[in-house]
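Taken together, the values in this text are just the output of simple stated rules run on the coordinates, not laboratory data. Worth saying up front: this structure is predicted, and the values here are computed from it rather than measured. Cβ placement follows ideal geometry from the backbone for every residue including glycine, while neighbour counts extend to all protein chains displayed.
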Amino acid sequence: MKVENKTIFMGDDTLKNRHSNTKAKAQSTKASNGVAFKENLDPIVQKKKKARQQAMKIIGDAFKNETKLDMEQEERRQRLKELEAEIGEYKEAIRNIENERADLRNLYEVPEGSDEENDLRLLEREVEKEMRFKGKVVVFSREELERLDEIHKKGLSEYQERSLEMKKSEKFYNDGAFDDEREFRIVK
């Protein structure tokens, strides 16, 4: 069909539209990649681009690892502070019990260095061995074992019984301090 010397093809694009679409596609490819098509084919440019990407990855990984190490060091410092505080509390509790035992000795008017007090020291070591106080290695000589038998046959004084009960209450604090000190050495 002809109208005023113009040919119209129904459903087809004109040649001009086809060429403008091709140009637009080329420009959009260039814009989206940020690199000219020619550069995508250049092996030197590709190697530089790949090397740059690898370098950035290495730097990023190093930064991430350094940040992780910093966090771990801070956690370690914090744990050391916590352990120091706990150890201090345990040792303070042990000192308080020892002070109460000294007050008990004064109450019963038992002189330091007396046979009763020396027997009590031997009995304390026996308690430490029986209750397995952590960090305490107790070994008795033959004479000490014989003396312990004599003490048990004779019976304990009221002072010795009460003092040993207090000594037994130290186990929790002693073991806690021992465990925390060991962890402190490991963490440090």
*Computed over the Cα atoms, what is the radius of gyration of the stretch 36-103 divided by 2.2 N^0.38 Å, N being its residue count?*
2.63
*Report the GluC sites (Glu not before Pro) located in the stretch 49-130 that are in a DSSP loop and have at most 11 other Cβ atoms inside 10 Å of their Cβ, or state none.*
E109, E112
*Could you tell me whether the stretch 79-170 comes out rounded, prolate or oblate from its Cα gyration tensor? Rule is a ≥ b ≥ c as square roots of the eigenvalues, rounded for a/c under 1.5, then prolate if a/b exceeds b/c, otherwise oblate.*
oblate
*Points 7 angstrom from Cα along the Cβ direction at E143 and E74: gap in nanometres?*
6.0
*Loop-located chymotrypsin sites (Phe, Trp or Tyr not before Pro) in the stretch 60-158, at most 15 other Cβ atoms within 10 Å (DSSP)*: Y108, F140
